[in-house]
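Below is one structure, written out as structure tokens; comments come after it.
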Number of protein chains: 2
Amino acid sequence: MDDGTSLPTAPKLSRIQKRNRKRIMDAALNVFSQHGFRGATLDQIAQEAGLSKPNILYYFDGKEAIHVDLLNTLMAEWLAPLEEMNPEGEPLDELMTYIARKLEMSRAYPRESRLFANEIIQGAPRIGPHLASGLKPLFDRKCDLIAEWVRRGKLAPVDPGHLIFSIWAVTQHYADFEAQVDVLMPDSDAAWAGAHTHVEAMFRKLLTPPGYSGAHR
Amino acid sequence: MDDGTSLPTAPKLSRIQKRNRKRIMDAALNVFSQHGFRGATLDQIAQEAGLSKPNILYYFDGKEAIHVDLLNTLMAEWLAPLEEMNPEGEPLDELMTYIARKLEMSRAYPRESRLFANEIIQGAPRIGPHLASGLKPLFDRKCDLIAEWVRRGKLAPVDPGHLIFSIWAVTQHYADFEAQVDVLMPDSDAAWAGAHTHVEAMFRKLLTPPGYSGAHR
DNA sequence: CATGTTTTTTACCATTTGGTAAAGGCACGA
DNA sequence: TCGTGCCTTTACCAAATGGTAAAAAACATG
């Protein structure tokens with residue numbers, strides 16, 4: 001039952017192993033997020049990590065193993081903000097908080113965003129299964145939650161699934177298409193400030209139910 | 001001044017040349033859009049085109065030349081809908097038409113969308129210059145136009161640049177992240193129908209100015 | 001410090017990749 | 001039908017790529 005991707009049965013990693021595995025993962029994140037799986041090379045990763053190629057293969061079973069490990073490790077924290085959307089909270093606040101956090105993640109972790117973007121664009125050949133088994137249930141759960149919020153009149157009527165897609169699309173755009181954003185809005189700081197203002201206003205307008213006036217009663 | 005990318009000085013392409021160039025471009029579109037530049041191989045393109053690798057290099061100067069040519073050729077038609085947004089038209093209609101067309105392009109031409117997505121995500125190393133010289137002026141012009149519409153009260157107040165980003169992000173998401181959308185919304189037809197409804201409603205809500213009631217007067 | 005273990009390096013290898021040279025085939029006008 | 005120029009194939013090549021074997025070095029531990 002242990003596929004070796006999450007909690008290893010023997011977590012006894014030596015100090016050196018921990019340090020080097022981290023180095024490799026970080027280097028791999030740089031390279032894979034920039035070139036995609038097929039475009040990345042072990043030599044590049046090795047160089048970026050400051051280790052020799054055989055040394056890297058001492059720590060990982062191969063190029064694909066590094067990629068898969070990276071995706072699996074990051075998937076959980078990447079989805080954390082969605083996961084943490086609280087069914088007990090005030091619906092509009094919960095969603096606006098989620099949106100703000102998601103946009104903040106695009107700013108703070110653009111490499112992670114692009115890593116996933118590359119993988120999905122190229123057909124999700126390696127995390128396809130994980131999408132179905134890990135993401136889909138979470139997605140369905142949150143769709144149900146949002147639908148319930150709409151039903152209770154706490155949100156304006158909206159298709160939950162497509163709402164989530166919109167949030168992902170808009171927030172991740174700033175990380176994934178950074179190269180384009182940089183060309184079209186050269187002042188990077190202003191661009192981020194504007195992004196926050198625009199994105200938050202846009203979704204607030206979309207989601208605020210008629211007659212809303214702050215938290216219920 | 002002729003960089004050989006747009007209008008060749010000698011457009012005398014034989015019937016065979018036209019046929020094979022088209023085949024190659026189409027095959028290259030398949031391969032590049034799926035794997036990105038570095039992940040794509042000439043052998044793949046050759047096989048997909050039903051031609052030998054040397055034969056492909058008879059028509060193009062190399063892998064990079066094919067990629068650049070493809071990007072340049074498709075850029076114009078990819079941006080056509082934005083280009084055609086009419087300053088004389090009714091602002092809200094113009095924008096809603098643009099959005100609908102853009103979404104329709106994601107459905108009809110997902111490969112093109114992914115081709116550009118791959119290129120931009122990977123840092124736009126080959127169309128970076130073209131973005132600055134070709135896209136930027138168009139972007140600025142349309143931003144000015146939208147700003148003017150807002151000033152005249154024909155649209156709700158909105159940041160033009162970020163509005164365009166949002167439109168691109170949301171519409172292209174359905175093409176670029178098709179693999180993920182397919183997992184999360186297995187009924188593809190319903191997903192597209194829902195996408196149209198949701199996206200159009202969302203932007204209409206965002207853009208409709210207060211007190212709007214159809215075309216002016 | 002002796003000894004067993006972990007980590008790193010050196011030296012390879014088979015395959016793939018982008019690309020070339022040159023010969024062969026083919027169409028098409030004279 | 002014959003040649004001439006366009007197209008295609010065959011046979012290569014050097015470099016890069018993912019990966020391996022095994023020796024050497026570094027390390028920990030008694």
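Would you mind estimating how fast segment B:13-60 diffuses translationally, via Stokes-Einstein at 4 °C and 1.567 mPa s with the Kirkwood radius over Cα pairs, in µm²/s?
Working: Rh = 10.6 Å.
Translational diffusion coefficient: 122 µm²/s.
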Next on the checklist: Suppose you put the label 7 Å out from Cα in the Cβ direction; list, shortest first and in nm with one decimal, how far B:R19 is from each other copy's label.
Outcome noted: 6.5
Item to check | Whole-percent carbon and sulfur share, accessible surface of chain B, 1.4 Å | outcome: 52 percent
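Residues with beta-carbon under 14 Å from that of A:D176, excluding A:D176: net charge, scoring Lys, Arg +1 and Asp, Glu -1? Working shown, then result.
Numbers: positive: A:K102, A:R107, A:R111, A:R114, B:R114; negative: A:E112, A:E119, A:E178, A:D182, B:E119, B:D176.
So the surrounding residues net to -1.
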Item to check | B:Y58 versus A:K205: modelled label distance in nm, points set 7 Å from Cα along the beta carbon direction | outcome: 5.7 nm
Item to check | Residue of A:V158, A:V170, A:V183 that the Gaussian network model of chain A assigns the largest fluctuation, springs spanning Cα pairs under 10 Å | outcome: A:V183
Checklist outcome for this item: Which of A:K102/B:K154; A:K22/B:K53; A:K63/B:K18; A:K102/B:K102; A:K63/B:K22; A:K63/B:K136 exceed 29 Å between C-alpha atoms? The answer is A:K102/B:K154; A:K22/B:K53; A:K63/B:K18; A:K63/B:K22; A:K63/B:K136
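If we sort B:49-59, A:89-99 on the protection proxy, mean other Cβ atoms within 10 Å, highest first, what's the order? Mind showing how you got there, number by number?
Details: B:49-59: 15.1, A:89-99: 18.6.
Sorting B:49-59, A:89-99 by mean packing, highest first, produces A:89-99, B:49-59.
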Checklist outcome for this item: If labels are modelled 7 Å from Cα along the Cβ direction, B:E200 lies from its partners in the other copies at nm distances, smallest first, of 3.2
Checklist entry - Can you run phi through the Karplus equation (6.51, -1.76, 1.60; θ = phi - 60°) for segment A:25-39 and list ³J(HN,Hα) in whole Hz, with x for Gly and Pro? => result 4, 5, 4, 4, 4, 4, 6, 5, 5, 8, 10, x, 4, 5, x
Checklist entry - How large is ³J(HN,Hα) for each residue in segment B:137-152, as worked out from phi by the Karplus curve 6.51 cos²θ - 1.76 cosθ + 1.60 (θ = phi - 60°), to whole Hz, x for Gly and Pro? => result x, 4, 4, 4, 4, 6, 4, 4, 4, 5, 4, 5, 4, 5, 4, 7
Checklist entry - Average projected area of the Cα convex hull of the protein assembly as shown, in nm²? => result 25.8 nm²
Checklist outcome for this item: Regression test value, accessible area per residue of the protein assembly as shown, probe 1.4 Å, units Å², expected 47 Å²
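For the interface of B with A, what's the total buried accessible surface in square angstrom, probe 1.4 angstrom, rounded to the nearest hundred? All intermediate terms of the calculation are to be shown ahead of the outcome.
On the way: alone 12360 and 12400 Å², together 20240 Å².
Using a 1.4 Å probe, the pair buries roughly 4500 Å².
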Checklist entry - Placing a label point 7 Å from Cα toward Cβ, how far apart in nm is B:D61 from its equivalents in the other copies, listed shortest first to one decimal? => result 4.5
Next on the checklist: Tell me the Rg and the Dmax, in Å, that the Cα atoms of chain A produce.
Outcome noted: 19.9, 64
Next on the checklist: Taking the Cα centroid of segment B:82-125 and of segment B:26-64, what is the distance between the two, rounded to the nearest whole Å?
Outcome noted: 26 Å
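Can you sort A:K22, B:K154 by 1.4 Å-probe accessible area, starting with the largest? Spell out each step's value before the answer.
On the way: A:K22 150, B:K154 45 Å².
I get A:K22, B:K154, largest accessible area first.
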Checklist entry - Under 5 Å between amide H atoms, partner at least 5 residues away or on a different chain: which partners does B:A156 have, H built in plane at 1.01 Å? => result B:T208
Checklist entry - Under a Cβ-Cβ cut-off of 13 Å, what is the net charge of the residues other than B:F165 that fall near it, where Lys and Arg count +1 and Asp and Glu count -1? => result -2
Checklist entry - What list of ³J(HN,Hα) couplings, whole Hz, do you get for segment B:68-82 from phi and the Karplus terms 6.51, -1.76, 1.60, once you set θ to phi - 60° and write x for glycine and proline? => result 4, 4, 4, 4, 5, 5, 7, 3, 4, 6, 5, 8, 3, x, 5
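Can you pull the mean other chain C-beta count within 10 Å for peptide A:75-81?
Values: counts 0, 0, 0, 0, 0, 0, 0.
Going residue by residue through A:75-81 and averaging, the value is 0.
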Next on the checklist: If the elastic network links every pair of Cα atoms under 10 Å, which of B:K63, B:K142, B:K205 fluctuates the most in the Gaussian network model of chain B?
Outcome noted: B:K205
Checklist outcome for this item: Ignoring ligands and nucleic acids, B:R152 exposes an accessible area, probe 1.4 Å, in Å² to the nearest 10, of 140 Å²
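The values are calculated or read from the model by the stated rules, or taken from the named source; none is laboratory data. None of these values were measured; they are calculated from a predicted model. Every residue, glycine among them, receives a Cβ derived from its backbone with ideal geometry; neighbour counts consider all protein chains shown. Remember, those area values only see protein heavy atoms, side chains included, never the ligands or the DNA or RNA. Shrake-Rupley method; radii C 1.70, N 1.55, O 1.52, S 1.80 Å.
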